[in-house]
Amino acid sequence: MRILVTGGAGFLGSHLCERLLREGHEVVCLDNFFTGRRKNIHAYFADLNFELIRHDVVEPLLLEVDRIYHLACPASPVHYQYNPVKTIKTNVLGTHNMLGLAKRTRARFLLASTSEVYGDPKVHPQTEDYWGSVNPIGIRSCYDEGKRVAETFAMDYHRQSRVDIRIVRIFNTYGPRMLPDDGRVVSNFIVQALKGEDITVYGDGSQTRSFCYVDDLIDGLVRMMASENFTGPVNLGNPEEFTILELAKKIIAMTGSRSKIVFKALPSDDPTQRQPDIGLAKQKLGWQPKVTVDEGFNTTIDYFRKELAR
Ligand code: NAD
Ligand code: UDP
């Protein structure tokens, strides 16, 4: 099949391109290189099945494809808050353009949505039937509300124009190819620990997150795209939950670092708890994470060691 991956030069997108090429597909990787890097995909440049398009999804695009994985959007709060107007345009106008492409080509369309649609959740762990608790006017809204509109757009194109859609709600995912200055917690803590710098815990570190290794997540995306008669939304993530303070201590121990923990102001609207209920993914996709948190963190620590040594 010819498969479009928007945001294909980013962290998740580049791993997805790799997996799809390995399966023998033609891959069209589209990216505007806001947070993506050529380095993430340069290994595939010689592959005749790989094509790279520098394009911004906010602008329409004419292509012929069989499948669309729509990942284009910065995922780190630091990056999506850098230009919030652009973030909401990417989520709304960009998703509109890609759904239009799916409608014209009759391609199956998978939306990379997020656990952020649950906001600061009052239901724990989060199930797909929970509607969320989201501030519509806060500093995270360009992303949270943008993704919620993207989900609405996808469902309405499905109901109104029979576009074959899949919605995946991705929970915090980490692994090799994250940028050292990405700003998300796993990369921040590992880079700080390896450099011997202070580990910056925001707030008192009692807020929780659950961390999924990238290979597991990609496997879930591919399974969801292949599934029949199931639009989702479906949660994909690792249910093992940590407080951020526990995470900081774990990374210090795993890296053997002498870094100290320092406490910084908690950004506004930072969700207090987050853990996926993955019952639906197990039932519909036969999916659950295989990589343990220790294995995943070790691989990621090795990756950052090499990155920082360059
Ligand atoms: P990332 O920032 O590494 O990748 C995003 C990619 O999209 C980058 O290559 C960037 O250059 C590209 N991009 C951004 N705006 C674009 C635009 N207007 N036009 C074209 N390309 C554009 O982030 P990621 O972690 O790989 O996330 C990929 C997707 O998965 C995002 O949609 C994100 O919301 C979603 N997601 C990720 C996580 C996670 O923990 N990694 C969690 C929830 C949801
Ligand atoms: N966080 C932190 N220190 C950092 C970066 C993040 O304590 O250097 C916290 C952040 O406040 C949040 C959690 O870690 O509570 C996860 O943040 P991240 O940016 O990775 O993703 P989020 O799940 O908030 O989108």
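Here the mean projected area of the convex hull built on the C-alpha positions of region 74-129 is 5.1 nm². Taking chymotrypsin sites (Phe, Trp or Tyr not before Pro) as exposed when DSSP calls them loop and at most 14 other C-beta atoms lie within 10 angstrom, the chain has its longest site-free stretch at 132-229. Go ahead and set up a Gaussian network model of the chain, Cα springs under 10 Å, then flag whichever of Lys260, Lys147, Lys103 fluctuates most. Checking each option, the largest mean-square fluctuation is seen for Lys260.
The GluC sites (Glu not before Pro) of region 230-310 meeting both criteria, a DSSP state outside H, G, I, E and B (loop) and at most 16 other C-beta atoms within 10 angstrom of the site's C-beta, are Glu240. Within the full protein context, the accessible area of Met155 is estimated at about 50 Å² for a probe radius of 1.4 Å. DSSP assigns beta bridges within the chain; of those with both partners inside it, close to 10 percent run antiparallel. Counting only the Cα atoms, region 175-310 fills a convex hull of 111 Å³ per residue. Between region 91-147 and region 236-296, what is the separation of their alpha carbon centroids in Å? That distance is 21 Å. Placing unit charges on the Cβ atoms of the charged side chains and taking the dipole of the chain about its Cα centre, the candidate lying farthest along the positive direction among Met224, Ala309, His55 is His55. Put simply, the chain fits an ellipsoid with semi-axes of 30, 22, 18 Å; these come from the alpha carbon gyration tensor as the roots of five times its eigenvalues, largest first. For region 1-118, the fraction of alpha-carbon pairs lying more than 26 Å apart is 14 percent, rounded to a whole number.
Springs between Cα atoms under 10 Å define the GNM used for the chain, and in it the highest mean-square fluctuation of Ala281, Ala102, Ala226 occurs at Ala226.
Ligands, DNA and RNA left out, the 1.4 Å accessible surface of the chain is 51% carbon and sulfur atoms.
Divide the volume of the convex hull around the Cα atoms of region 118-193 by the residue count and you get 143 Å³ per residue.
Under a GNM of the chain (C-alpha, springs under 10 Å), which listed residue has the highest mean-square fluctuation: Val222, Val85, Val168? Per the Cα network of the chain with a 10 Å cutoff, Val85 tops the list.
Here is the list for region 1-91: GluC sites (Glu not before Pro) lying in DSSP coil, each with at most 12 other C-beta atoms within 10 angstrom of its C-beta, are Glu23, Glu64. Annotation note: GluC sites (Glu not before Pro) in region 136-235 located in DSSP loop regions with a Cβ neighbour count of at most 10 within 10 Å are Glu228.
Note the full-extension length gain between Thr292 and Lys39 as 0.36 nm times their separation in residues minus their Cα-Cα distance, in nm to one decimal. Please list the in-between numbers first.
Numbers: separation 253, 0.36 × 253 = 91.08 nm, distance 2.70 nm.
Result: 88.4 nm gained on full extension.
Applying 1/(1 + (r/R0)^6) with R0 = 30 Å to the Cβ-Cβ distance of Thr127 and Asp66, what FRET efficiency is obtained, to the nearest 0.05? About 0.40, to the nearest 0.05. When all protein chains stay in place and ligands, DNA and RNA are ignored, the 1.4 Å accessible-area order of Asp204, Asp269, largest first, is Asp204, Asp269.
The values are calculated or read from the model by the stated rules, or taken from the named source; none is laboratory data. Quantities reported herein were computed from a predicted structural model and do not represent experimental measurements. Every residue, glycine as well, gets a Cβ built from its backbone with ideal geometry; the counts of neighbours run over all protein chains shown. Just so you know, the surface numbers come from the protein's heavy atoms only, side chains and all, with ligands and any DNA or RNA stripped out. Shrake-Rupley method; radii C 1.70, N 1.55, O 1.52, S 1.80 Å.
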